[in-house]
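First comes the structure, then the notes that go with it.
Coordinate-derived values only; no laboratory data. All values derive from a computational prediction rather than experimental measurement. A quick note on method: Cβ atoms are made from the backbone with ideal geometry, for glycine too, and the neighbour counts reach across all protein chains shown.
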Amino acid sequence: MTFRYTLVVGSKQLSSWSLRPYLAMRATGAPFQEVVIALNRPQTHADILRHSPSGKVPALKIEENGEVVTVFDSLAICETLAERHQEAGLWPDLPLVRARARAYACEMHAGFAALRKTLPMQIASRLPTPELGDEVRQDIARVTTAWEEALVRHETDGGFLFGRFSIADCMYAPVVSRFVTYGVSLTPRLTQYCERIMALAGMQDWTAAARKELGA
Ligand SMILES: N[C@@H](CCC(=O)N[C@@H](CS)C(=O)NCC(=O)O)C(=O)O
């Protein structure tokens, strides 16, 4: 099969939705080109629309057999990569573990609005913890409880939420980055999980690019 991938992402300092499929893409080992669109500029919307009909990033363009298909939406891209690169094992092998991992990924995709609003991703920055209202505290409590539950069961099989690195980890990686940026205090188990995520080659490369965007 010959194909060409172009992953269209937003500014690396800010674009949490883009980071998720970027990590999944890196985990496949497949070659891909990247287009980075600067967010929060007057021309951002027009720039995105040139690549993504939803007017949002990320988008994955797949060129194959003379056709170009654009997959917009972070989770749809992750799912597509998991299906096309089954050898990468982006979902857990066991059906019931896979079912739970999917629920984790979807819960992140659909929720945690207060956490996302109050602690926006600024991956290359270290900032004071802002005032956390009740809703943000509830989101943090739910995320950390979910991580603890998954890690207690699976951590020894590879160190990630469901053992081997999976799309569930991709979906939560920007939350890890937020906890690090804003100094949210965590249990030792979760601190170690965050360190593992931050140490991934894909996270390191993404963060280095974010630092460059800041001119640091
Ligand atoms: N549900 C979408 C959300 C994508 C999204 O909101 N992306 C933001 C950047 S992280 C965006 O494109 N914003 C448009 C803009 O800033 O003009 C997904 O999962 O991909």
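Using each residue's phi in region 209-216, evaluate 6.51 cos²θ - 1.76 cosθ + 1.60 at θ = phi - 60° and report the 3J(HN,Hα) Karplus result to the nearest Hz, with x for Gly and Pro.
5, 5, 4, 4, 4, 7, x, 8
If I take R0 = 25 Å and measure r between the Cβ atoms of ALA216 and GLN43 in this structure, what FRET efficiency does the formula 1/(1 + (r/R0)^6) give, to the nearest 0.05?
E(calc), rounded to 0.05, equals 0.55.
Report relative contact order for the chain in percent, whole number only (criteria: Cα-Cα under 8 Å, sequence separation at least 6).
The value is 24 percent.
When a footprinting reagent is the concern and you count Cβ atoms within 10 Å, what order do ARG102, ARG142, ARG50 take, fewest first?
Ranked by crowding around the Cβ, least crowded first: ARG50, ARG142, ARG102.
Sort VAL175, VAL68, VAL35 by Cβ crowding within 10 Å, fewest neighbours at the top.
Least crowded to most crowded, the residues run VAL68, VAL35, VAL175.
Could you tell me the convex hull volume per residue, in Å³, taken over the Cα atoms of the chain?
124 Å³
Which distance in Å, rounded to a whole number, links the C-alpha centroids of region 116-148 and region 1-79?
Taking the Cα centre of region 1-79 as reference, the centre of region 116-148 is 26 Å away.
Just want the answer: with Cβ charges of +1 for Lys and Arg and -1 for Asp and Glu, which residue in LEU132, VAL175, LEU186 is farthest toward the dipole's positive end in region 89-202?
The listed residue farthest towards the positive side: VAL175.
Determine Rg/Rh for region 48-165; Rg is computed over alpha-carbon atoms and Rh is the Kirkwood hydrodynamic estimate from the same atoms.
That ratio is 1.03, to two decimals.
Which far-off residues, 5 or more places away or on another chain, put their amide H under 5 Å from the one on VAL35, with H placed in the peptide plane?
Those lying under 5 Å, H to H, from VAL35 are LEU7, VAL8, VAL9.
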